[in-house]
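Participant: Quick one: the structure is below, and I'll ask about it shortly.
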Amino acid sequence: MPAYTYTAIDPTGKKVSGSVVLRNKAEVYRELESKSLTPVVVDQAAEAPATGKGGKRGKAGEAANGGKAPRHTRLKRQEMVLFTEELADLLDAGMNLERALKVLTERQANSSIRAVAGCLREEIREGARFSKALGVASPSFDELFSSLVAAGEASGSLPDILRRLVVNLKQLHGLQRRTVGAMIYPLMVLLAGVVLLFVFSTVLMPQLGKFMAKSGQDLPFVTEVLLAVSDFMAAWWWLILAIAVALAVGFRALIATPAGREWWDRYKMTLPAFGPVILGRFYAQFCHTLSNLVGNGVPLLNSLRLVTRGTPNRYIRSRLEKVVADVGEGTSLARAMAKTGAFPEQLVDRVAIGEQTGELGKAFSKAAAKYDEDLDIRIARLTTLVPNVMLAIVAVLVGVLAYSVMTSIFGQMSGVRGR
């Protein structure tokens, strides 16, 4: 095992030095804490002789790695909110960052948050900056999150930055939840209609066809069409399935290319009912993020770059890249946004006023509140209109099927009576 030299402060305030032989720095810090020593410097000195069980490198190496908290632990959005909020509470209570992370490591019930807090604590105790340690601890902390934390470290306002990040994360989580929730019910109605049509076509209609064939009666035109469709599906279902799979695979291959993905991202925004929701969500998220960044002192050009890298929609990202290029050349943000044609005039006007008054962060904050309200209205319309349209379509299809069945049955009864 390696030997470590240390310099620490004892409870009386005296500086003491020494050395220990332990598996890693984390154990050195724990050993010093058990002796009520506050570490100042911990360095690896030399490799201690390998004797006994400690000389077996295989298991010793595994134990050394096992002594460290896991790296690159993914956090769900709700876990990120909980971690950030609790860390801000502890810092507001007067704890330093290392102590606050220790409390989260020891007392947090969520195992993922414990792992992230433990990794961050180890990185910080080894001299890493908190904003840099975030990327090591979890890939869930994106560049935007790390940049805001770095701004908080530089300005000495880390608790306030974390509070604003909590608000931003909750807003984005709410946007995502409302958007996804708006899509669930319409898709369930559509799925139910498809299943119902499949059962009618593959089970009921073939039985009805056999019954009609035995009677020798002429069938209504609608019933003949439905029987023809049912026979075709029964005979060529494998071809229909193969075509559907080929189309799905071809579509996935198309949107996997840069040009295909940009086309699809642009087309989604033109879809009736769904397109306005997608656009409204982007505008709200764009304004919230820029309000947070600019309001916390991040330079405008850097803020725009961070927003651009964090935008998944390729079409919108390409427009934002043009905005970044224009602003980098000295063009005002409002004029650069107007040139792309991707932003509404009201938002461009708000940005222009914010630039003129020097309160761009407030302008984005007010715009974000407006787009939040607009998004709620659009989602309410979507959840009202789309399910009703789908229910009407399913009702028409079921009505046609029911009409054909009842017409055929009554025709058979009339034929029997005529005999």
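Participant: From Cα pairs below 8 angstrom and at least 6 apart in sequence, can you work out the relative contact order of the chain, rounded to a whole percent? Walk me through the numbers before you get to the answer.
Facilitator: Working: 435 pairs, mean separation 54.8, N = 419.
Value for the chain: 13 percent.
Participant: I would also like to ask the following. In nm, to one decimal, how far is the modelled label at Ala273 from the one at Arg309, with both set 7 Å along Cα→Cβ?
Facilitator: With each label point 7 Å from Cα toward Cβ, the separation is 3.9 nm.
Participant: What full-extension length gain, to one decimal in nm, is calculated for Trp236 and Lys210 as 0.36 nm per residue of separation minus the Cα-Cα distance?
Facilitator: Working: separation 26, 0.36 × 26 = 9.36 nm, distance 1.90 nm.
Gain on stretching Trp236 to Lys210: 7.5 nm.
Participant: From Cα pairs below 8 angstrom and at least 6 apart in sequence, can you work out the relative contact order of segment 300-373, rounded to a whole percent?
Facilitator: Working: 51 pairs, mean separation 14.0, N = 74.
Once divided by the residue count of segment 300-373, the mean separation gives 19 percent.
Participant: A follow-up question, please. Run the numbers for Val396 and Glu98: contour at 0.36 nm per residue of separation, minus the present Cα-Cα distance, in nm.
Facilitator: Numbers: separation 298, 0.36 × 298 = 107.28 nm, distance 6.49 nm.
In short, 100.8 nm is gained.
Participant: Still on this model: Could you compute the net charge surrounding Tyr315? Neighbours are other residues with a C-beta less than 13 Å from the C-beta of Tyr315; K and R count +1, D and E count -1. Can you show the working numbers first?
Facilitator: Details: positive: Arg261, Arg266, Lys268, Arg314, Arg317, Arg319, Lys322; negative: Glu262, Asp265, Glu321.
Residues near Tyr315 contribute +4 overall.
Participant: A further question follows. Using 7 Å Cα-to-Cβ label points, what is the Thr12/Asn388 separation (nm, one decimal)?
Facilitator: 8.3 nm
Participant: How do the peptides 223-233, 290-300 rank, highest first, by the average count of neighbouring beta carbon atoms within 10 Å per residue?
Facilitator: Values: 223-233: 16.6, 290-300: 19.9.
The densest-packed peptide leads the list: 290-300, 223-233.
Participant: With a ≥ b ≥ c the root eigenvalues of the C-alpha gyration tensor of segment 274-315, is it rounded (a/c under 1.5), prolate (a/b larger than b/c) or oblate? Let's see the in-between values first.
Facilitator: On the way: a/c = 4.10, a/b = 1.82, b/c = 2.26.
The shape class here is oblate.
Participant: Would you kindly state how much longer the chain becomes between Leu191 and Val21 on full extension, computed as 0.36 nm times their sequence separation minus their alpha carbon distance, in nm to one decimal? Please report the intermediate quantities before stating the final value.
Facilitator: Details: separation 170, 0.36 × 170 = 61.20 nm, distance 6.45 nm.
Result for the pair: 54.8 nm of gain on full extension.
Participant: Candidates (1) 5, 20, 27, 23, 16, 8, 1, 0; (2) 4, 15, 18, 17, 14, 13, 9, 5, 3, 1, 0, 0; (3) 5, 25, 35, 24, 9, 2, 0; which is the computed P(r) over Cα pairs in 10 Å bins from 0, in percent?
Facilitator: Of the listed options (1) 5, 20, 27, 23, 16, 8, 1, 0; (2) 4, 15, 18, 17, 14, 13, 9, 5, 3, 1, 0, 0; (3) 5, 25, 35, 24, 9, 2, 0, (2) comes from this structure.
Participant: To continue, here is another question. Semi-axes of the equivalent ellipsoid of segment 282-368: what are they in whole Å, largest first, if each equals the square root of 5 times a C-alpha gyration tensor eigenvalue? Numbers along the way, then the final one.
Facilitator: Values: eigenvalues 56, 39, 34 Å².
Semi-axis lengths for segment 282-368 are 17, 14, 13 Å.
Participant: Another one. Estimate the FRET efficiency between Thr340 and Ala109 by the formula 1/(1 + (r/R0)^6), using the beta-carbon distance for r and 56 Å for R0, to the nearest 0.05. Before the final figure, lay out each step's value.
Facilitator: On the way: r = 47 Å, r/R0 = 0.83.
Calculated value: 0.75.
Participant: Carbon-plus-sulfur fraction of the accessible area of the chain, 1.4 Å probe, in percent?
Facilitator: In the chain, the share of accessible area belonging to carbon and sulfur is 60 percent.
The values are calculated or read from the model by the stated rules, or taken from the named source; none is laboratory data. In this text, all values refer to a predicted model and were calculated from it rather than measured experimentally. All Cβ positions, even for glycine, are placed from backbone atoms using ideal geometry, and neighbour counts span all protein chains on display. These area figures cover heavy atoms from the full protein model, side chains too; ligands, DNA and RNA do not enter into them. Shrake-Rupley method; radii C 1.70, N 1.55, O 1.52, S 1.80 Å.
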